[in-house]
Structures are given as C-alpha cells and as structure tokens.
Amino acid sequence: MKKIPDLVSTQKAAFRKGVNRSLKQRIANLKKLRKLVLNHEKELCNAIAEDFGKPYFETFTSEIFTVLQEIDFHLKHLSKWIKPENVSGTIATFPSKSTVSRQPYGTVLVIGAWNYPIYLTLIPMIGALSGGNTVVLKPSEISGTISGLLHELISSAFPNQLISVVEGGVPETQELLFQPFDKIFFTGSSRVGKIVAKAAAEQLIPITLELGGKSPAIVHSDANVEVSARRIWWGKTINAGQVCVAPDFVLIHESAADVFIKESRKTLSTFYAGDFRPGTNYARIVNRDHFDRLSALLEKSDVIIGGTANPDSLFIEPTLISAGWDDEIMKDEIFGPLLPMLTYKSEDEVIERLNTLPAPLALYMFTESERFQSAIFRDVPFGGGCVNETITHLANPNLPFGGVGQSGMGAYHGRYSFDTFTRPQAILKKSFWPDPDFRYPPFDDTKLKWFKKLFF
Ligand code: NAD
C-alpha cells in the first residue's frame, strides 16, 4: 500500500491524464462496480452481519439493492447530464453563445460512517465516478470486517490511481484531511463534521457534510395510529435504531397517546414475538461504548414497553419511553432502539418546540391535515422527510438527501450526486466579428449615452 500523500498525488496525476473523463470510461467503471457488488452479495452481507449482526434481509434491501439502483439510475441518465447546457444570453452579450458544462472536481475524498458501511461509501462513490473524478475512500474502522472486504474487493477490481481504499481510524483520517483533495464528502457525526470542515477550510476545499440529529416523528390527532405506530417502529428498529434518519422521538397529540402505546405493544409483539436471537430479525448495538451509552440513557428513563438489555450480546430491546423535554434522552441523537414519547396540545406548540432544537436530518408527520403539513414544512427547518411514512424518502433517487444546519450541508443521490461531485463551468463564446469600437477606451459621454439607450 502506498503512503497516503503518494496515493493522492498518483490519483491527481491520473485525473489530469483523463483516467475517468469520457462518458465511455465512466459508464465502464460504473458497470464494473455493479458487477462487483452483484457477484459478492453474500460476502458483503455476511461481513456486516459479523460486524454488528445486521440481518441479511436488511443489508440486501437497504445496502445492496440501493447501491445497484443508484448505479442503474446513473447509467440511465449520465449521457444527458454530461452534455453542456446552452443558456440564453442578454442584449449586453449579443452576439455570442453561452453554455454551462459540469466539470469533475478532480480527486475526491469520501469518508463513511459505520452504520450503513456499503451504502455510505459506495453511493457517494457512484456520484464521484459518474462525475468523472478519482476517489479515495475511507470506510469506518468501527465496522472493520466490511471495511477490510471493501478494500480487498475494490483493489482487486480497480487500479488505485482511480479508486483507493484507505482503512483506519482517527490518525489515518487526520492525515487524509491534510492532503490537497479537490472535494471532501463526509458522512458521520456533527462533532467530527466540524473537524472535517475546519481542516477543509485551511485549504479551501469544498465539502459536503452528511450528519445526524434528532429527527422527530409527529403523530397528530387525526392520524391512523395503528399504521403510524407500525411505520414508526419499522423506522426505529431497522439496524436497531442505528440509522441517521431513524425517528429519534415521537411527538404525539395528547388525545392519541394511549392508543399509540397500545398499538406499539401490538406492533412489537408481531415484529419479533419476543424472538431477538442474533442473526434473525434484529441487529446488535455496534460496540460496548455505544451499548454503555444507550444503557445509561435507559437507566434514567421511564420505560413504558421493553427495556431489557444484555451486555454480552450487545442487545437492547426496542423500548418506548415516557419523556419530558428536559430529560437526558432529549439532549443528543439517540442512535439506538430507544423511543421517547412526548405529548403536545396544539400545532403551534409543535412548531415552537421544534424550533428550539437544532435542525434535524429528517422529519416525519402522521396526519392528513394539509394545513398542518404546510405549516411545519414552512416554519421548521429539516433536511427531508415523509408524510405518513418514515425513512423511505431515501429510497427515491429522484429526491435529494442531505441535512441543514447541524445535520449537514449539501445533498446527494441521483442527479444531486452528479451535481455534488461536479462544478458548473460557464463559457461564453464569440466569433471575431463584429468587434465595434464602442466598448473600448477612450470613453466619452456619447458612448455612455448610447450605452444607456441600448441597455438601460
Ligand atoms: P463518526 O463521526 O464518529 O465517524 C465518521 C468517520 O469519521 C469515520 O470514518 C471515522 O473514522 C472518522 N473519524 C472519527 N473521529 C475522527 C476524528 N477525530 N478526526 C477525523 N476523523 C474522524 O460517526 P459514526 O459513529 O461512524 O456514525 C454515526 C453518526 O453518523 C451519527 O451521528 C449519524 O447520524 C451520522 N450518520 C449520518 C448519515 C447521513 O447520511 N447523514 C448516515 C449515517 C450516519
């Protein structure tokens, strides 16, 4: 393995030589990646199961399938996206032709989080390749088995002047952040996002930050509580709640709270029927640190349903908690299967409360009231979300995925990924004729008068 600075300079030289510039090259590279993922489905799913017991079904549907869908979307549209776009001119630029073309940044760094280790590395990488860049990929050290496998598979299929995987933790990431990348795409916590932003600022490197936050699920008085409970618990229990867009807490109209508790009990018993054995339907907490953090929250909470935890198997049961705004569990992103429930009386109270918290990555509303929906969308900032659903806005490559404020900056998926990994280049083309004297010095009042008459 080359040293990190050599790796980056090799990639930069390869970029200048056009290693992934033409449409044909980009398509070939995307197809190669598609084949690699398809051919290694089992090993990829098993590696994640080894890291934190994520069920095969979950890894296939939320990581393998989504990566393949994203590649197919780029393969379908890339020839259109890559074409320079003609735009109109103005009287001041007449006669001329104006075009905008999307240029790759060059050599980009993609840093991933551990909880969706295939998705969070390969989906940004698809955008980077589709945009014509070379890529250095840094998966998370926390999911070490899948990080090693990605390294092995990618190095066997691609030259490291096009894609290099750098494994490691904080020291390796810090060293990467010193390199002269042309763009950095980071997925992880807001805390580390700030470290990345500071390092990038030193070299004025453009960044996209995909961070986390406390995403609310609002259940209004008119909601179908049975379906709401099922969809909220689905969003809270996949990957044992270790999802950046998991509903972090439920904000429920006081008239619907009792029914929500009843429906939650029913839902959880049908999802798992008490069977939480590893390797079946429910993932483990990724490591002892996270387990201890969640257990400490659990100990201080008023549990309504669930509440068991086992440090030996890093298991925490899906747990409904009765909470108040000042409770410990309402301070930071939970990132685990604990669901605090808080009640509200009025729509205005929801808007006021949510505006006291940092802008979340996602927001979910369970209501048919268009008026309430519009009020929330207008008055509460958040990255993206769903009405009467959780999480699946990520499954549509026509929708941008990204946060705002503390939950991130920039967006990706589909066309948004292509735009994120390319920059608009403006070109105005003229012929040598005509070339009137009018614009050139010496200037005088007559010229100014004519200018005002023509353009003002
Ligand atoms: P993290 O911020 O701890 O780590 C992310 C990456 O940063 C890893 O590759 C890690 O090696 C590196 N890193 C860690 N500490 C560093 C340091 N001091 N200096 C430089 N690099 C460092 O996040 P995580 O625990 O892997 O993931 C959980 C967080 O990520 C949650 O907040 C979650 O909401 C967020 N997340 C966001 C998205 C999204 O798409 N917006 C997706 C998944 C996770």
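Summary of computed values
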item	result
The one condition in (1) closer than 27 Å to residue 176 by Cβ; (2) modelled with pLDDT of 95 or more; (3) aromatic (Phe, Trp, Tyr) that residue 52 fails to fulfil	(2)
Long-range neighbours under 6 Å by Cβ, at least six apart or interchain, first residue within 12 Å of residue 34 (Cα to Cα) within segment 60-81, second of a type in the set (Gly, Ala, Ser) and in a helix (DSSP H, G or I)	73/414; 74/130
Residues of segment 396-407 that turn out to be in contact with a strand residue (DSSP E or B) (Cβ under 8 Å, 6 or more places away or on another chain), part of a loop (DSSP other than H, G, I, E, B) and surrounded by 17 or more Cβ atoms within 10 Å (Cβ to Cβ), as a count	3
Qualifying positions in segment 102-144 - hydroxyl-bearing (Ser, Thr, Tyr) and more than 15 Å from the ligand (Cβ to nearest atom)	105, 107, 130, 134
Residue list for segment 36-45, filter: without any contact (Cβ under 8 Å) to a residue 60 or more places away in the chain and in contact with a helix residue (DSSP H, G or I) (Cβ under 8 Å, 6 or more places away or on another chain)	38, 41, 45
Of all residues making up segment 145-168, the number that are among the charged types (D, E, K, R) and more than 12 Å from the ligand (Cβ to nearest atom)	1
Residue 62 vs. criteria within 20 Å of the chain's Cα centre (by Cα), outside the structural domain of residue 238 (by TED's automatic domain parsing), within 13 Å of the ligand (Cβ to nearest atom) and part of a loop (DSSP other than H, G, I, E, B)	no
Identity of the residue in segment 185-199, more than 6 Å from the ligand (Cβ to nearest atom) and more than 17 Å from residue 214 (Cβ to Cβ), that ends up surrounded by the fewest Cβ atoms within 10 Å (Cβ to Cβ)	198
Test: residue in segment 272-282 that is in contact (Cβ under 8 Å) with a residue 12 or more places away in the chain and either under 17 Å from residue 248 (Cβ atoms) or outside the structural domain of residue 248 (by TED's automatic domain parsing) (or both)	no
Flag if residue 177 is within 30 Å of residue 25 (Cα to Cα) and more than 14 Å from the ligand (Cβ to nearest atom)	no
Residue check, residue 202 part of a helix (DSSP H, G or I), over 30 Å from residue 271 (Cα atoms), near the ligand (Cβ under 8 Å from one of its atoms) and acidic (Asp, Glu)	no
Among (1) part of a loop (DSSP other than H, G, I, E, B); (2) without any contact (Cβ under 8 Å) to a residue 60 or more places away in the chain; (3) within 9 Å of the ligand (Cβ to nearest atom) - the single one residue 171 does not satisfy	(1)
Subset of segment 295-325 [outside any strand (DSSP E or B), under 29 Å from the mean Cα position of the chain (by Cα) and not small (Gly, Ala, Ser)]	297, 298, 314, 317, 318, 325
Selection from segment 306-355 of residues that are more than 13 Å from residue 249 (Cβ to Cβ) and in contact with a helix residue (DSSP H, G or I) (Cβ under 8 Å, 6 or more places away or on another chain)	306, 307, 309, 311, 314, 316, 318, 345, 347, 351, 355
Subset of segment 253-292 that is part of a helix (DSSP H, G or I) and among the basic types (Lys, Arg) - its residue that is surrounded by the most Cβ atoms within 10 Å (Cβ to Cβ)	265
Condition met for residue 226 (touching a Lys or Arg at 6+ places or on another chain (Cβ under 9 Å), more than 10 Å from the ligand (Cβ to nearest atom) and part of a helix (DSSP H, G or I))	yes
Condition met for residue 97 (out of contact with any Lys or Arg (no Cβ under 6 Å at 6 or more places or on another chain) and either farther than 25 Å from residue 130 by Cβ or in the same structural domain as residue 197 (by TED's automatic domain parsing) (or both))	no
Segment 37-59 - residue that is over 22 Å from the mean Cα position of the chain (by Cα) and not in a helix (DSSP H, G or I) and, of those, surrounded by the fewest Cβ atoms within 10 Å (Cβ to Cβ)	40
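Yes/no matrix, rows are residues, columns are (1) in a strand (DSSP E or B); (2) more than 25 Å from residue 76 (Cβ to Cβ); (3) within 14 Å of the ligand (Cβ to nearest atom); (4) not assigned by TED's automatic domain parsing to the domain that holds residue 189:
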site: 368; (1), (2), (3), (4): no, yes, no, yes
site: 371; (1), (2), (3), (4): no, yes, no, yes
site: 374; (1), (2), (3), (4): no, yes, no, yes
site: 377; (1), (2), (3), (4): no, yes, no, yes
site: 382; (1), (2), (3), (4): no, yes, yes, yes
site: 390; (1), (2), (3), (4): no, yes, no, yes
site: 394; (1), (2), (3), (4): no, no, yes, yes
site: 418; (1), (2), (3), (4): no, no, no, no
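The values are calculated or read from the model by the stated rules, or taken from the named source; none is laboratory data. Remember, it's a predicted structure, so these values are computed and weren't measured experimentally. Here Cβ is always computed from backbone atoms with ideal geometry, including for glycine, and neighbour counts include all displayed protein chains.
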